[in-house]
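One structure is given here, and the rest of the page talks about it.
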Amino acid sequence: MKEKFGSLRIYHDGGNRRIDGLIRMTESLSSGICEVCGEVGTLVRSGGGKGGWYKTMCEDCAVKSGYAKGESDDDK
């Protein structure tokens, strides 16, 4: 199991159709859950330009972790 491009990737040997379906469902669900707090999240990317790291985070965790810009005093 690993994280790649903001969602889980699960590799296994053996199993059956039910296990395969559960793994696909888990991978799919992971792309909408904040990996920090477990709330609803979206794909965010660090840095500008090419490259950077992709993560799935809610807005609050993304701002706290530097993956998104917070609201400035000028925006309030």
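Computed from the coordinates by the stated procedures, all read-outs in this text should not be read as laboratory data. Bear in mind that the values here come from a model prediction, so they are computed numbers and not experimental data. Quick reminder, even Gly has a Cβ in these numbers, built from the backbone with ideal geometry, and neighbours come from all protein chains shown.
For W53 and S28, the FRET efficiency from 1/(1 + (r/R0)^6), where r spans their Cβ atoms and R0 equals 22 Å, is about 0.60. Cβ crowding within 10 Å, taken as a proxy for footprinting-reagent exposure, orders D13, D20 from fewest neighbours to most as D13, D20.
Sorting V44, V36 by the number of Cβ atoms found within 10 Å of their own Cβ, with the fewest placed first, yields V36, V44.
Return the Rg/Rh ratio of the range 2-75 with Cα-based radii and a Kirkwood Rh. Intermediate values should be presented prior to the final figure.
Numbers: Rg = 15.3 Å, Rh = 13.7 Å.
Using only Cα positions, Rg/Rh for the range 2-75 is 1.12.
Less than 5 angstrom separates the built amide H of G41 from those of I33, C34, all sequence-distant by 5 or more or on a different chain. Applying 0.36 nm per residue to the separation of S65 and R45 and subtracting their alpha-carbon distance, the gain on full extension is 6.1 nm.
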